[in-house]
Structures are given as structure tokens and as C-alpha cells.
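These notes concern the structure reproduced below.
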Amino acid sequence: VSLPLVNSFITISLLLSIATAVDRVFALGKPFLYKNINHKKHQIIAFSFCTFIGIMTSVFDCFRFDLVLGPEGLYTIAKNESFMANPFMIGLSHFSNAIRIVGAFLLIIFNALIVILYRRQFNKVGQVSFLNSKESKRRQEQQKILMLLAVYESVFNFCSMGVNSTFYIA
């Protein structure tokens, strides 16, 4: 059960990161529309969808191994060869990997959009308002921090998904 749980949590965390990035893109891209939506309903839908997809793409791993009672009365874990040779199960495994790879790319794309939209909004606000130099510098520092966080989140998540997917594909 531990292997499917780990794989589920990896996929769920990736999908929740994407959902958060999509929420931020929507908030920056359509701020007036974003302000007027039912956030609780959207959060419940996003969480339910991410959890369902994460569990469904990993639950089949429960049948990958069997407990075998050995001659000394000890249980050992053995591969279920008939399961691993089943084309449907191989397809599910590749589907799970594909979701993680596509999700990693989507996370990079949405985080890039966050940075682009934030810079665009910051430039509009900077042109309209008459901010003093301290406030302007503080906002520029926040912009740099946001960009660095978005870049690092994308890069690290992409690397971890790449290593994980490469391992399972191999």
C-alpha cells in the first residue's frame, strides 16, 4: 500500500500546485471577475478533482506485489508477474507517468504566466499611481521574490517529476 500512497501523494501535490498556479493566473488576468466568484466552491472542486486523479492513477499499484508465506512462516513480498505483464496495467502505468510529465510542463507554463501577468499589472499600477520611492522599491523587491519563487518552484518540481517519471519508465 505504501507505493501507491507515495505515487498518489506525488501526483496530488503536483496537481494541487497546478491548481494554485491556475488560480493565481486567473486572479492576475481577470481580477474583477476573480473577485466575484465563489472561491470555496472552486477550491472544493479543484481539491476533489486533484485527489481523485491522483488516487486513480496510482491505485492499480496495489496489485503489483503479493505477500507470499515462506517455508519458515515469514511473509515476503514478491512481484506479481501476471499483473506486470498485463498490457492494460502497463498502459495505466504509462498514463500515470504521462500525467506527471504533462503536469510538470503545465506548472512551468502557468508559473511563467504568473510572472508575465504580475509584471504587466505592476507596470500598469506603476504608471497610474504616484508611489514614493520607498514603496516603489518595496514592490520591486516583492516582484523579484515572486519571480524567483515561481521559477524555483517550476524548476524543482520539474526536476523531481522528471526523475520520478524516468525511474518509472525505466
### Query
For 168, 34, what's the largest-to-smallest order of accessible area, 1.4 Å probe?
168, 34
### Task
Work out how much length residue 79 to residue 35 would gain on full extension: take 0.36 nm times their residue separation and subtract the Cα-Cα distance, in nm to one decimal.
10.6 nm
### List 161, 89, 84, 56, ordered by accessible area with a 1.4 Å probe, largest first
56, 84, 89, 161
### Query
Based on the Cα coordinates of the chain, what is the per residue volume of their convex hull in Å³?
144
## Note on the structure
Expected vector for the stretch 93-105, Karplus 3J(HN,Hα) from phi with 6.51, -1.76, 1.60 and θ = phi - 60°, integer Hz, x for Gly and Pro, equals 5, 5, 5, 4, 5, 5, 4, 5, 5, 4, x, 5, 5
### Task
Residues in the stretch 82-108, backbone N under 19 Å from the label point at residue 160 (7 Å along the Cα-to-beta-carbon vector): list them, ranges by number please.
96-108
#### Entry: Extended-chain gain in nm, criterion 0.36 nm per residue less alpha-carbon gap, residue 122 and residue 56
19.7 nm
### Message
Just to check I understand the Karplus step: with θ = phi - 60° and J = 6.51 cos²θ - 1.76 cosθ + 1.60, what whole-Hz values come out for the stretch 61-70, glycine and proline as x?
### Response
5, 4, 9, 6, 10, 10, 8, 10, 7, x
### Long-range amide H partners of residue 65 with built H, under 5 Å
80
### Task
Run the 1.4 Å probe and let me know the accessible area of residue 40, rounded to the nearest 10 Å².
130
#### Entry: FRET efficiency, 1/(1 + (r/R0)^6) with R0 35 Å, evaluated for residue 152 and residue 44 via beta carbons
0.75
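In whole percent, how big is the carbon plus sulfur part of the accessible area of the chain, probe 1.4 Å, protein atoms only?
Percent of accessible area from carbon and sulfur atoms in the chain: 71.
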### Message
Could you give each residue of the stretch 9-16 its phi-based ³J(HN,Hα) in whole Hz, using Karplus coefficients 6.51, -1.76, 1.60 with θ = phi - 60°, and x for Gly or Pro?
### Response
5, 4, 5, 4, 5, 5, 5, 5
### Query
Counting only protein chains, not ligands or nucleic acids, how are 135, 141 ordered by accessible area (probe 1.4 Å), most first?
141, 135
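The values are calculated or read from the model by the stated rules, or taken from the named source; none is laboratory data. Source: prediction; values computed, not measured. Every residue, glycine among them, receives a Cβ derived from its backbone with ideal geometry; neighbour counts consider all protein chains shown. Quick note on the areas: whole protein, heavy atoms, side chains included, nothing else; ligands and nucleic acids left out. Shrake-Rupley method; radii C 1.70, N 1.55, O 1.52, S 1.80 Å.
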